[in-house]
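Here the structure comes first, spelled out in structure tokens, and everything after it is commentary.
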Amino acid sequence: MTLSDARFEKIYRIVSLNGGANMAQRLSAMGLYPGARVALASRAPLCGPLLIKNIENNVQVALGTGVVEKIEVVEVEDGE
Amino acid sequence: MKTIVLVGQPNCGKSALFNAIAGYKANSSNFPGTTVQILRSQVIYRGETFDLVDLPGTYSLTPFDKAEEVTFDFLLTGEYDLILNVLDASRLNRSLELALELQALEKPTILVLNMMDEAEKKGMTIDSAALGEFLGMSAFPTTALSGKGVEDVLKAALGQLENPSPVRPLPFPPRLESFLAELTPFVGAGRVNSRFLALKALEGGEMEKKIPVSPGFHAKSEELSGKVREFWDKSLQEVLFAERHHLSMELSEKACRIVRRQGRHLSERVDALFCHPLFGYLLFVVVFLLMLALVFRIGNLLETLSLAPLNELALWVGNLPIAPWLHRLADGIVAGTVGAVGIIVPYMVPLLLMMAILEDSGYLARSAFLFDSLMHKMGLHGKSLPPLLMAFGCNVPALSATRILESPRDRLLTALLIPFIPCSARTIVISALVYAFLGTGWAFFVYGVTMITVFFLSLLLSSLVKYPAPGLIMEIPAFRVPSPKNVLIKAWFQLKPFLVYAIPLLVLGSIAVEYVQFFGLERLLNALVRPVTYLLDLPEATGFTLVFGFFRKELALLMLGQSLGVSPDRIAGVLSSAQLITFALFTTLYIPCLSTFLILRKEFNLKTAWISIGLNVAVSLGVTLSIVSLLRLTGLL
């Protein structure tokens, strides 16, 4: 699944970043790299961006729909 | 003179540290990308003088936008003696990736683990000494906003300036290092070490323009990448990136312990509410209406308080028995001072304070998240919104803030829209003419018209320059209770240039008006602008105020009274309600002021600045005419 299908109250682990090298590098530099755990904090209406919370460092990043579609994740059990 | 440079990721507190060392010079906010240009200050500490440079925040040394490019280019010059690498301790592992990249510059470096208070709140315990040891440099914990730990950093920095201790980058695995060594001869000796240049040149793309390589480089890097692929199934650059990432994770695990907190922090709950898909928007509207209403109210109260004694003064000067030509001078000085101190400052102070609170709390960044999809419908980008909101304070810093936009097209469009946003000067024109004489409803109406204008203009402009907007990637900083000190200083920081430069200009302008009238020159200027005033159904005498309004928008307001021969609080006796609204709306939209024009030329080019003027003149005429005729037709005015 990709991060665009994320639901509230769940924790996901990033598996891979599928966009261009540029975007992948940017996301990694902001702390969203494969292996990092993330959660959905808010979702703007009208196909707006998702507010993603990085569990590793508590940083919140707003990501546009085009970006979240390119982030592949798996759901993990809480605390894993 | 020796130079110390501050480098770190966005919103890590570099500017706060800069201010703690150099006195208040940099603008620090809770907004990633507050610093978009190089800031330099000479600092004297314990008898030593050095240059302190604050660079825009950068996530990595692969620049992504204009501000990050500024930082990278500066680092590439090698013209500095010491790097103060500021790390956000509360986001340690991410900050370490940049630290590792900087380490490759092999310049003397001190690690500053800033925002220790935030880190502690998150339950993190960081062993800064151990971290420094791993990286082969000294490291100090600080909380720059309160000044804690800054002394230690300064002492160590002076020590380093005297006897610099070399920095060696943590090596990649031997095989990779030997590949890198094969590449270094092709990048030649630049002003920074060639291993770093080789690493960067491998990235290709924009780097090719910045780092010249000799002809054999590409063939060699292809060859090496081939070898790397056999081994790791990735390109050389990807492997290096993964290695660095791995190293930073390892370092942060070694140096940092985290005790998980239970439950949600209060700021997280507030945040959830402000970013809520429904309440977030309601709160946004409430926040902005409240802010404007407060500015109008408080401003009006202060204005009434300060105008009374100033008007006494004006009356006294008016009756002085002096020669007519001297009288004009005295009248001009009084009119300028009364206007600046009695009308403009009272509105400016509450507005600047409120903008400072919004910036410092981290609210501006949230607006980008909330309105990204709306901005996309306008053909823009969520990231365009914070500069547009900043423009309510002043258009000039807002134009610089467009540097956080990655695509040049978005940057240009945002910059062309900014001059349509009513800044503090224009808010004052609206307050003094519309709010004071016609009430809150009409003041909000004028604001509303400018907002709708911006919306449709954006639609129009973006349809002219089609381009797929890049996806939004923007960090949302933690909500913070604004520090009263920082808010006051920030507001003062913006008020000061007004007091120093604008008041003399306003006084000179008022004197100019007096003499223009004394010599009868206003007829010439009025005749020149007559087509405009005729179209807008304004008295011919108001024409030359519009000419002077180009220098500063408030000037148009001050001169309006002078041109009509009444004091500013009695204008309503001479102008009709329709004319008041026409004048306020037109002055708000008609032309970017001189400072805005100059910054447009600096940030873009002269052509863009002229386009902006043309656009504003055309749009302001169109909008003002249609709105006023509409109001007349519907019988509302």
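Miscellaneous remarks
- Some residue of region A:63-71 being closer than 22 Å to B:Asp271 by Cα and open to solvent by 20 Å² or more (accessible area, probe 1.4 Å): yes
- In region A:34-45, of all residues being open to solvent by less than 10 Å² (accessible area, probe 1.4 Å) and at the interface with chain B (Cβ under 7 Å from one of its Cβ atoms), the one that is nearest to the chain's Cα centre (by Cα) corresponds to A:Ser42.
- In region B:489-561, counting only helices (runs of 4 or more DSSP H) that sit wholly within it, the ones holding 2 or more residues that are open to solvent by 70 Å² or more (accessible area, probe 1.4 Å) span B:503-518, B:522-536.
- In region B:16-37, residue farthest from B:Leu87 (Cα to Cα) [restricted to those that are more than 13 Å from the chain's Cα centre (by Cα) and either open to solvent by less than 20 Å² (accessible area, probe 1.4 Å) or modelled with pLDDT of 70 or more (or both)]: B:Gly23
- Subset of region B:173-214 (residues that are part of a helix (DSSP H, G or I), under 21 Å from B:Asp65 (Cα atoms) and either open to solvent by 40 Å² or more (accessible area, probe 1.4 Å) or among the charged types (D, E, K, R) (or both)): B:Lys200, B:Glu208, B:Lys209, B:Lys210
- When B:Leu154, B:Leu145, B:Leu170 are checked against the criterion of being farther than 16 Å from B:Gln103 by Cα and either at pLDDT below 90 or part of a loop (DSSP other than H, G, I, E, B) (or both), B:Leu145 stands alone in meeting it.
- Region B:47-69, residues that are within 21 Å of B:Pro408 (Cα to Cα) and in contact (Cβ under 8 Å) with a residue 60 or more places away in the chain: B:Pro56, B:Leu61, B:Thr62, B:Pro63, B:Phe64, B:Asp65, B:Lys66, B:Ala67
- Within region A:63-73, tally of residues that are within 7 Å of another protein chain (Cβ to nearest Cβ) and either in contact (Cβ under 8 Å) with a residue 24 or more places away in the chain or closer than 24 Å to B:Ser252 by Cβ (or both): 2
- Criterion (surrounded by fewer than 23 Cβ atoms within 10 Å (Cβ to Cβ) and facing chain B (nearest Cβ under 8 Å)) met by exactly one of A:Gly48, A:Gly20, A:Gly31: A:Gly31
- Qualifying helices (runs of 4 or more DSSP H) (wholly inside region B:311-396; at least 2 residues being in contact with a helix residue (DSSP H, G or I) (Cβ under 7 Å, 6 or more places away or on another chain), under 23 Å from B:Leu589 (Cβ atoms) and aliphatic (A, V, I, L, M)): B:345-361, B:385-390
- Every residue from region B:251-274 that is open to solvent by less than 100 Å² (accessible area, probe 1.4 Å) and either modelled with pLDDT under 80 or within 12 Å of B:Ile126 (Cβ to Cβ) (or both): B:Leu251, B:Ser252, B:Ala255, B:Cys256, B:Ile258, B:Val259, B:Arg261, B:Gly263, B:His265, B:Ser267, B:Glu268
- Criterion: surrounded by fewer than 24 Cβ atoms within 10 Å (Cβ to Cβ) and at pLDDT below 80 - qualifying residue of B:Pro350, B:Pro397: B:Pro397
The values are calculated or read from the model by the stated rules, or taken from the named source; none is laboratory data. Keep in mind the model is a prediction, meaning the values are calculated, not measured. Virtual Cβ from ideal backbone geometry, glycine too; neighbours counted across all protein chains shown. Areas reflect the complete protein model, heavy atoms only, side chains present, ligands, DNA and RNA absent. Shrake-Rupley method; radii C 1.70, N 1.55, O 1.52, S 1.80 Å.
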